[in-house]
Amino acid sequence: MYRQLALSVKSGDAILIYLITPAEFHRGFRIMKQRKPFTLLAFLLMASILISGIAVDPHQNLQSRNIVSRDMSMTGGEKSLLNSDARISAEDGESLYSSASTELISKPGYFDGYNLFVLGRGHKTEGYWNYSLVIVDMQGNLVREKPFDESMALANAPAEFINSTTILHGSPDGAALWNIYTNETQYLGFSGHHEYEYNPNDETYFTFTSYEITIDSEDYLFDKIVEYDENAEVVWELDTRSFVSHNQWCPFGDTKHGSADITHSNTIYYDPAEDAIYYLSRNVNTFYKIDHATGEVLWSVGEYGEFTQYDLDGYEKESLFYHAHAVEPLGNNTYIIFDNDEHNQDTPLSQNSRIIEVSLNHSTKTANETWVWKAPSSYWCIRWGDADKLANGNRLGTFGTEFHPSTDLGARLTEVNGNGEIVWELNFENSDEYHYGVYRMERFRYEPTVSSPPDAHFLPSEEVELDWQSWYNYRPKHDVTGTYELYLNESLIQDGFFSFDSYWRPANLSFNLGSRELGNYNFTLEVSDEAGHTTSDSVNVTVASFFIDRRGPTEIEIGQEETVLRWFGGAEDPLNCNISLNESLFRSFEWNGSDIEMDLADLGLGSYEVEFVLFNATHTLYENTFWLHIYPNQAPMILSQPENISIGWNESLTLSWTFFDHMPDSWNLMLNGTTYLSEDWSTQWYTLNWSIPTLDEASYEVRLELQDQIGHTATEFMILTVIPPSPPVISDWPTQEVVEWGAAGTEFSWEAHGADKWQFWRNGSLIESGDFSESHIVTHVIYDWQQQRWRPGIYNITLSVTSADDKTVTRSDLVQIVLDPGDPYADATVPERSSWASQMENAIGAPDGDFALIYLDYGNGFLTLDMGEGEEIVNEAGSDFTVFAEGAEYRVSVSNNLESSFKDLGIMNGTQQIDLENVSLDFARYVMISYWDGTEVRLDAIVASHHSIPTGDNQPPAVQGPANFSVLSHEQPITLTWNATDETPWDYTILVNGDVYAESEWYGNNIFFEFKWNKTGPVEVVLNVSDAFYNTAEDHVLIQIEPSLFGMNRNLVLGLITASIAIPVVIVLFWKRTIIAEQLNKFRT
């Protein structure tokens, strides 16, 4: 560690000395006037001692200060905010960035600065990747490049500033610190994946490490959040398994290294003020706030969080994001997130990555989307990604994957304003040889930013008050101490410390500078970061015995509300004022600084040259000349417009209007009372040309409304009639080829024109019909798959439309309804058909930058992958699958049976697209990659372009019913309950002694049946259940109904009861009679 001191001597008698002392002070000492020679001598002696004996932090940098006056606008397209001295030339030698072809979009309103990211370039045929850490300006020019010599996973190379000179980034050797001024790199001695995060409180670093664990004979992959000190010693760690369950595995079955990839952690954001960690688990679709001191999860948001979530439209959602990246707090309980929209459980086929902001209400436990930019599908980012909020409120998105749907572009780096309009974008164009990816990107500046308040006027008796705002060089995660110096005409008058606010919010700097004497003053605020990087802004202040400014209209129409022209200002002593119109004196008076008003409505129509003069007894002090225009009270005039016209549906035509007004404001074009187009109108003469869009057949009132600045309006309309086509036209139809059975919200839609009625047919059977009285759209919604009888299978869906004159047009499409759409990736390795290969599980699943290794040992290594039963590669037009690999040459062969020989597809290297037509196979389940020549083959993945879809469920429903039992005939009704389950429940039927008693759709819940039976004897109840794949199961219950007393003849029952009472009475009486008789006999004796 070395301390730095720099000295600059200014010409003349002013000496400027800049001293950067240790990081906690970072202030410059300045000797403005050389008064005594020994003062300078003593200071230089002190400087020499410091230079020779004291160490300095290498993260510090010293730049000489120039006091300048400039516009410190935050947006691009104007003046640059950047100190040109801070630009550092690119390294000598081959440049990875310069080899790329880029496309730049730049519009007014972007946030000016520089862009920091790690660029990955993958060779399409040879498969290897190169990486460089780059700094690029807003024009797409390379400023700095730091190449990496070895390969790594791009997602393991995040990069961000931790102070104004030092970047913390990932590298092939793990975490590293790069000082961009000294070009020194310090490797920290530990590695992790996806994230390296700095803890300024303890000067430690967080990252992720993964581990595998076996639970119930299944292998699962979890992460730990690990904290290292500067000696690469672990000082703290937290196992994510302490709060994430293996049962939260993504239902799409994400795997890595052959294990269930549970967490796939990608974000640690440390908040030093709260000593808290924000942690994002990609695969669990949840982010957490964790107390660093205790390791306790304070709360969580997402699929498994405790907050009820609502989208921007107010609809409740299970999760607001899927497989997201880069959660960051913005303050005020608001968070920005890059939503990849991968494995969307709400809409599985959705492909729209988004930048979203989510606000939390901890009282109500609700999470609401408050801002969303939904990128087009051509931006879909299946992996990687970043989102930041910039200092001017714009959002920066990294749509960094090397491929996107429907485009040849690789990484797309996009900045949008608050309205969602793209104001800056850097696209990497993939070539025949290379494709390009970016994991994350940061926007930064080399020095702080200072706002630019307007120049000001004050009287000698007034106090001068000035206000600035300042922002740090980049998006800080905590308050950063900076320094300020305020100069008056290049003389220091005030200095001190202040805090740059976190999250790139502005810090306010306000100064009361007291009253000043007459004169012009230049106040310059110079702001420095902790390392001495400086920026400044100047405000010119005029203190005068008077000042004057004019506001208000210089052209009016008679009758408008705002007609007063005003002069504002101030004066220490009264002055004389003359106002002349067209060289004739209009007003003459003494002015003491109060407001001056002229009501233009008092003037007649016409144009006036105004001369405004302030003077005293000896001099003219101020003179200003300008023009006034007074127009008649007149509404806008529509000079020409189209006649009523009829056109055919979908016919092209342009309509034109010409209009005029002295003081125009805006125009609206309306269709049937609803605004269709609207624009501001500034030139007095205007021609509007409107190309008619495709409108539904109908008559339209096309109305043009004009408004001027006074509020006058003018309107004209014409009738546009769109004639229906004949025969009818079906202009839009369902595009789904594969639909997941049971998916909520599934619907098929058509749009038709020129028709009165429609019919919807399924496999030749009429399902639904209707007319077009309310809409040209026909929608068939599947709201109940069982009730509407939509089983898995292939359906011909047909819409038939008929016009009033009985002309009919039909449109038929095939749609396949499947239980599981499957995936295009390998599901497993085949160990018995693999040898001399390691880390084989890395080739399972989607390309992710993790490689299986195939090498030469006692023989050529080979690895066989199983694409999965029912997910075989299918031979169709074009290439059928892609091998994502790099390194050595390899041979590709395929088969459908492990017992038979594999068919050879040839020797190749790198990433290759392959066609099964070359071996005349209709499909292939197994792919073997064999080493051929070179060092080793690094195999990332096999991806099918066309693949089979699993046939679905072949297991019958599981049914558990009651055991056989007996009941008495009076125990009615009889209730039975079956516990029945199936993946695709469909319907059930209940028979009693062979007769159907109940039948209904079945939704997988328990089945209840209640009935009465009036006969004694055996009763057999049979439950038949069926699933959507026609698998069936049944359960038999035998019930024995026994007679009971309550079922006998009434008189017989009463007789039995009477007898049961009478017989004992008779017995007792007879017994008593016998006893009495015996006693009488004894008495007689």
By my count, strands (runs of 3 or more DSSP E) wholly in the range 604-706 with at least 1 residues that are more than 30 Å from N592 (Cα to Cα), outside the structural domain of I556 (by TED's automatic domain parsing) and without any contact (Cβ under 8 Å) to a residue 60 or more places away in the chain are 637-640, 654-660, 664-671, 674-680, 685-691
Within the range 331-376, residues among the charged types (D, E, K, R) and at positive phi come out as D341, K365
Going through (1) surrounded by 17 or more Cβ atoms within 10 Å (Cβ to Cβ); (2) touching a residue at least 60 places away in the same chain (Cβ under 8 Å) one by one, P956 fails only at (1)
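Would you say A714 is part of a loop (DSSP other than H, G, I, E, B), small (G, A, S) and buried (at least 16 other Cβ atoms within 10 Å of the Cβ)?
So A714 fails the test.
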| Condition check for S640: modelled with pLDDT of 95 or more and more than 30 Å from W567 (Cα to Cα) | yes
Within the range 1034-1050, residues more than 30 Å from W1002 (Cα to Cα) and at pLDDT 55 or above come out as E1042, P1043, S1044, L1045
Within the range 1003-1028, of all residues that are more than 46 Å from the chain's Cα centre (by Cα) and part of a loop (DSSP other than H, G, I, E, B), the one farthest from I1041 (Cα to Cα) is K1012
For the range 153-173, state whether one or more residues are without any contact (Cβ under 8 Å) to a residue 40 or more places away in the chain, under 20 Å from L426 (Cα atoms) and surrounded by 22 or more Cβ atoms within 10 Å (Cβ to Cβ). no
Checking S431, S470 in turn, the sole residue that is hydroxyl-bearing (S, T, Y) and outside the structural domain of S101 (by TED's automatic domain parsing) turns out to be S470
query = When you look at F321, is it within 22 Å of E197 (Cα to Cα) and not hydroxyl-bearing (S, T, Y), yes or no?
reply = no
Checked the range 150-169 for anything farther than 23 Å from Y503 by Cα and either touching an Asp or Glu at 6+ places or on another chain (Cβ under 7 Å) or assigned to a loop (DSSP other than H, G, I, E, B) (or both); matches are E150, S151, M152, A153
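Can you tell me which of N489, N392 is assigned by TED's automatic domain parsing to the domain that holds P272 and surrounded by fewer than 23 Cβ atoms within 10 Å (Cβ to Cβ)?
N392
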T182 passes all but one of the listed conditions (1) outside any strand (DSSP E or B); (2) in contact with a Phe, Trp or Tyr (Cβ under 9 Å, 6 or more places away or on another chain); the exception is number (2)
When restricted to P454, P460, the only residue touching an Asp or Glu at 6+ places or on another chain (Cβ under 9 Å) and either among the basic types (K, R) or not in a strand (DSSP E or B) (or both) is P460
In the set T625, T674, the lone residue that is surrounded by fewer than 17 Cβ atoms within 10 Å (Cβ to Cβ) and out of contact with any strand residue (DSSP E or B) (no Cβ under 8 Å at 6 or more places or on another chain) is T674
Practice problem: Report yes if some residue within the range 170-184 is in contact with a Ser or Thr (Cβ under 8 Å, 6 or more places away or on another chain) and at positive phi; otherwise report no. | Solution: yes
Residue count, the range 909-931, condition surrounded by fewer than 20 Cβ atoms within 10 Å (Cβ to Cβ) and out of contact with any Ser or Thr (no Cβ under 8 Å at 6 or more places or on another chain), comes to 6
Log entry, pairs with first residue in the range 267-293 being of a type in the set (A, V, I, L, M), second being assigned to a loop (DSSP other than H, G, I, E, B) and at pLDDT below 95, beta carbons closer than 7 Å, six or more apart or on different chains, reads A273/H478
Inset, instruction - Within the range 428-441, identify whether any single residue is of a type in the set (K, R), crowded, with 20+ Cβ neighbours inside 10 Å and out of contact with any Pro (no Cβ under 6 Å at 6 or more places or on another chain), and answer yes or no. - result: no
Turns out the strands (runs of 3 or more DSSP E) fully within the range 235-293 with at least 2 residues that are closer than 25 Å to T829 by Cα are 259-261
Scanning the range 565-574 for residues that are surrounded by 16 or more Cβ atoms within 10 Å (Cβ to Cβ) and at pLDDT 95 or above gives L565, W567
Can you find even one residue in the range 170-177 that is part of a strand (DSSP E or B), in contact with a helix residue (DSSP H, G or I) (Cβ under 6 Å, 6 or more places away or on another chain), under 18 Å from S132 (Cβ atoms) and assigned by TED's automatic domain parsing to the domain that holds H257? yes
If we keep only residues of the range 117-138 that are assigned to a loop (DSSP other than H, G, I, E, B) and modelled with pLDDT under 95, then the residue nearest to W424 (Cα to Cα) is K124
Exercise for the section: Report yes if some residue within the range 734-745 is within 29 Å of W649 (Cα to Cα), of a type outside the set (A, V, I, L, M, F, W, C) and without any contact (Cβ under 8 Å) to a residue 24 or more places away in the chain; otherwise report no. Expected result: yes
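The values are calculated or read from the model by the stated rules, or taken from the named source; none is laboratory data. Treat the numbers as computed from the prediction; the structure is a model and nothing was measured. Note that we place each Cβ from the backbone using ideal geometry, even for glycine, and neighbour counts take in every protein chain shown.
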